[in-house]
Amino acid sequence: MKKLWICLFGLLLSGCFAGTTKESTFYALKVDGGAITYTTPKISVNVENVRIPASIDKPQIVTMNANGVELEIHELDRWSEPLSFMIAGTLADDMALYLPKATVKNGGDVFETFTYTVSVDVIKFIGNGKEATLDAWWTVRDINETKVLSGRATYSEPTTQSYVDLATAQSKMVSLLARDISKKIAALK
């Protein structure tokens with residue numbers, strides 16, 4: 001019995017010296033739509049899905065080291081929700097600002113009919129402590145599922161080692177993508 005108490009006391013004492021675990025910090029993309037708006041007839045747009053590379057499809061923020069080939073996964077710095085969902089939602093919210101007469105949704109109900117459906121394949125969405133980059137292919141399909149628009153967009157924004165700066169730069173790039181897709185949709189009139 002005495003040995004049991006000594007073991008329990010030792011475990012308790014070792015817990016006191018182990019310290020505390022640092023808590024995770026969570027980040028989100030923010031809607032960053034500018035003052036520009038595009039006129040359209042009454043249309044509806046669904047941002048159907050955003051596909052991202054598996055290398056960044058993680059709860060943790062992933063950055064690229066200066067060498068350009070090494071990824072760093074930041075265990076305690078995390079996205080507030082799955083990154084592909086967050087990009088799609090932010091893209092839809094930004095597009096709603098650029099197309100104020102349109103109804104823009106993210107992941108609409110399967111029974112809803114939309115004038116246009118947007119899908120995005122992200123090639124690169126990462127920062128390296130100096131610059132953040134978004135490189136993506138996008139497609140717009142009409143109500144008949146016919147591709148009416150497509151393109152590739154590449155943006156870069158200056159950033160620092162701060163994850164707040166990185167998330168802000170990435171938010172701005174998603175807004176730029178929303179602006180460019182919205183402008184092309186508005187030109188379809």
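Would you check if residue 73 is in contact (Cβ under 8 Å) with a residue 24 or more places away in the chain, surrounded by fewer than 22 Cβ atoms within 10 Å (Cβ to Cβ) and not small (Gly, Ala, Ser)? No. Residue selection: residue 39 fails the criterion of being in contact with a His (Cβ under 8 Å, 6 or more places away or on another chain), farther than 17 Å from residue 136 by Cβ and either modelled with pLDDT under 95 or not in a loop (DSSP other than H, G, I, E, B) (or both). The single residue among 78, 141 that is more than 19 Å from residue 174 (Cβ to Cβ) and modelled with pLDDT of 95 or more turns out to be 141. Tallying residues that are polar (S, T, N, Q) and either in contact with a Cys (Cβ under 7 Å, 6 or more places away or on another chain) or closer than 18 Å to residue 106 by Cα (or both) within the stretch 163-189 yields 3. Residues in the stretch 91-108 that are within 14 Å of residue 31 (Cβ to Cβ) and either touching a Lys or Arg at 6+ places or on another chain (Cβ under 7 Å) or among the aromatic types (Phe, Trp, Tyr) (or both): 92, 98. Screening the stretch 121-170 for residues that are touching a residue at least 12 places away in the same chain (Cβ under 8 Å) and in a helix (DSSP H, G or I) and picking the one that is surrounded by the fewest Cβ atoms within 10 Å (Cβ to Cβ) gives 164.
In the set (1) under 18 Å from residue 28 (Cβ atoms); (2) assigned to a strand (DSSP E or B), residue 118 fails one condition alone, (1). Quick one: would you say residue 66 is within 18 Å of residue 132 (Cα to Cα) and at pLDDT below 95? In short, yes. Residue 163 meets the conditions (1) in contact with a Gly (Cβ under 8 Å, 6 or more places away or on another chain); (2) within 21 Å of residue 59 (Cβ to Cβ); (3) not acidic (Asp, Glu) in every case but one. The failed one is (1).
The values are calculated or read from the model by the stated rules, or taken from the named source; none is laboratory data. Keep in mind that what you see is a predicted model, and the values were worked out from it rather than measured. Because the Cβ atoms are built from the backbone with ideal geometry, glycine has one as well, and the counts that use them run over all protein chains shown.
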